[in-house]
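Have a look at the structure below before the remarks.
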Amino acid sequence: MLDDSQINYINKIKKGDQLIIACAGSGKSVILLSKCFKVASLNPDKKFLVTGYNRNLVSYFKWLIDSAGFSSENVECLTFHKLAVTLLKRNGLQVPIVANNDYTEVVNKLEICIEEGKIKDRYYGIFIDEVQ
C-alpha cells in the first residue's frame with residue numbers, strides 16, 4: 001500500500017535524473033518500480049530498464065510486480081551483470097567466460113562495444129536500485 005505522499009511522488013513525471021534517498025524500509029524500491037511502470041504505461045512504444053544490485057533484489061522486484069498484478073512488455077528487470085551479458089548476446093557479440101563470479105571481462109567488453117557503436121539497444125528510461 002502506498003500512502004498519499006508516495007503516490008504524489010510517483011505521479012510527478014519529469015525528464016532527467018532523479019535520486020531517492022531515504023532510510024531502509026521506507027519504500028524506495030516500491031516507489032522506483034511504481035514510477036517505472038507509470039512512465040512505461042504512458043509510453044508503451046518505448047523500452048525501460050530496472051536494474052538491481054543482485055539476483056535477490058531483482059527476484060524481489062519480480063515478486064512485487066507479480067503481486068501487484070502488473071506486467072509490462074516494455075520493461076526489463078535485470079541485475080547489472082545480467083544486463084551486460086544480455087546486451088552482448090542480443091547484439092551478436094561473444095560473451096567472455098565468467099570464472100568465480102567475476103564479470104570484469106564481460107563489463108570491460110561491453111564498455112568497448114558501446115564505445116565502438118556495436119550495442120544497438122536503447123532504453124527510454126533506466127531505473128537503478130541500490131546504486132553501488
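The values are calculated or read from the model by the stated rules, or taken from the named source; none is laboratory data. The structure displayed is predicted, hence computed values, not measured ones. Heads up, the Cβs are rebuilt from the backbone with ideal geometry, glycines too, and the neighbour counts pull from every protein chain shown. Just so you know, the surface numbers come from the protein's heavy atoms only, side chains and all, with ligands and any DNA or RNA stripped out. Shrake-Rupley method; radii C 1.70, N 1.55, O 1.52, S 1.80 Å.
General observations
- Scan of region 3-39 for residues that are free of Cβ contacts under 8 Å to residues at least 24 places away in the same chain, in a loop (DSSP other than H, G, I, E, B) and β-branched (Val, Ile, Thr), ordered by number: 20, 21
- First in region 89-106 and of a type in the set (A, V, I, L, M, F, W, C), second anywhere and part of a loop (DSSP other than H, G, I, E, B), Cβ under 6 Å, 6 or more apart: 106/96
Residue-wise test of (1) surrounded by 18 or more Cβ atoms within 10 Å (Cβ to Cβ); (2) in contact with a Ser or Thr (Cβ under 9 Å, 6 or more places away or on another chain); (3) closer than 21 Å to residue 83 by Cα.
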residue: 8; (1), (2), (3): no, no, no
residue: 24; (1), (2), (3): no, no, no
residue: 41; (1), (2), (3): no, yes, no
residue: 46; (1), (2), (3): no, no, yes
residue: 53; (1), (2), (3): no, yes, yes
residue: 62; (1), (2), (3): no, no, yes
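- Selection count where residues are among the charged types (D, E, K, R) and exposed (fewer than 15 other Cβ atoms within 10 Å of the Cβ), scope region 64-82: 2
- Scanning region 94-113 for residues that are open to solvent by less than 100 Å² (accessible area, probe 1.4 Å) and either within 26 Å of residue 62 (Cβ to Cβ) or among the small types (Gly, Ala, Ser) (or both) returns 95, 98, 99, 102, 103, 106, 107, 110.
- If the condition is being closer than 30 Å to residue 104 by Cα and either surrounded by fewer than 15 Cβ atoms within 10 Å (Cβ to Cβ) or charged (D, E, K, R) (or both), then region 26-39 contributes only 28.
- Scanning region 61-82 for residues that are part of a helix (DSSP H, G or I) and not charged (D, E, K, R) returns 61, 63, 64, 65, 67, 80, 81.
- The listed residue being surrounded by 12 or more Cβ atoms within 10 Å (Cβ to Cβ), in contact with a strand residue (DSSP E or B) (Cβ under 7 Å, 6 or more places away or on another chain) and part of a helix (DSSP H, G or I), out of 58, 85: 58
- Some residue of region 92-105 being in a helix (DSSP H, G or I) and under 22 Å from residue 16 (Cβ atoms): no
- Checking every residue in region 59-77 against the condition of being out of contact with any Lys or Arg (no Cβ under 9 Å at 6 or more places or on another chain) and at pLDDT 90 or above gives at least one match.
- Residue match in region 110-126 (condition: farther than 21 Å from residue 40 by Cα and in a strand (DSSP E or B)): no
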